[in-house]
């Protein structure tokens, strides 16, 4: 089937969303209020829409970029974008930077993660938060990715090196007072899942007095049960979160009807990184520590063009860190494939996917406006 015909045969964004959410609802107990909030956030802007709709990406990318489908496959992040990076403390107490969410991990062409990352960059450029050109951004991402593949990777330890990343991690946006103030406002969890409550009790520091609360966070996973334990311990506040995991939306896009595997733990165990000792996959739940320096970073603090180039190069490098660990035997194949592609392949593919995303975003806003008029 020709690319144009294949694209025309795709279901609408409304149909895709209904189908995916029905599929997801057969696998987890969806929090309906959070899902409704997600639908609202999908109308706010093209970047929140991209973050919210990896299921649509999994459906559209192979059709819109057919020349990238045959690239070597690696265990991938899947839902990669510029705000899927954050920090944590390793076993030595050092501040580490890298990808902090791999809920959608799946075996995909290595090109998927790079194109999705660059598509998010293009949308951020349109929104004014990135000041360099899309072509320069694509070059920076590819430079970092290729360099780290050749070097067999290296973790990002924010100590003597990586000043730009360290400044971003220590910005005023991550102020501890503001961070913990938000926790005090969280609504108490009503009938939290027993498994989540047990896991949180087991992982909170011994002797801490804590409460269980419902937390609304993220965009792609809005609707998943997410329970937080927070409270006082030795003169300060501590918190843990339990989030219900589900199979990657790639399983839905591939037509999976039965159970599908979770790859979260496999990808992180193999990645070239300094692991977070308190990031704990436990069956179908993910438990992790929450703190001002153990959370996602918004792409808002780096304002200079040189700083943004360095940050995007690091994002490409960290993508390689994950691809390397999970699929080490594919490195030579990926490098060989990169050598066959034109210099601007990533720039052009991201432009195609940005156009497709914007078209879906416009359609979603129209659907949402019609639904609102109908309710009124």
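Sequence-distant contacts, meaning Cα pairs under 8 Å at least 6 residues apart, place the relative contact order of the chain at 29 percent. For the chain, modelled as a GNM whose springs connect Cα atoms under 10 angstrom apart, the maximal fluctuation among 340, 133, 87 occurs at 340.
In terms of its C-alpha gyration tensor, the stretch 236-301 comes out prolate, because a/c is 1.5 or above and the ratio a/b outweighs b/c.
Evaluated at 20 °C with a viscosity of 1.002 mPa s, what Stokes-Einstein diffusion coefficient in µm²/s does the stretch 20-85 have when Rh comes from the Kirkwood expression over alpha-carbon pairs?
Numbers: Rh = 13.9 Å.
D = 154 µm²/s.
Using every pair of distinct Cα positions in the stretch 155-266, the Kirkwood expression returns a hydrodynamic radius of 16.9 angstrom. Cβ-Cβ distance of residue 363 and residue 91, R₀ of 45 Å, FRET efficiency by 1/(1 + (r/R0)^6): the value works out to about 0.45.
Where only DSSP H runs of four or more residues are counted, the chain gives -15000 deg cm²/dmol as its mean residue ellipticity at 222 nm, each run worth -39500 (n - 2.57). Label zone of residue 19 (point 7 Å out along Cα→Cβ, amide N under 11 Å): in the stretch 56-85 this covers 56, 59-60.
Applying 1/(1 + (r/R0)^6) with R0 = 22 Å to the Cβ-Cβ distance of residue 303 and residue 170, what FRET efficiency is obtained, to the nearest 0.05? Numbers along the way, then the final one.
Working: r = 15 Å, r/R0 = 0.70.
My answer for the efficiency is 0.90.
Rule-based calculations on the coordinates, nothing more; no lab input. Nothing here was measured: the structure is a model prediction, and the numbers come from that model. So basically every Cβ, Gly included, is an ideal-geometry build from the backbone, and we count neighbours across all protein chains shown.
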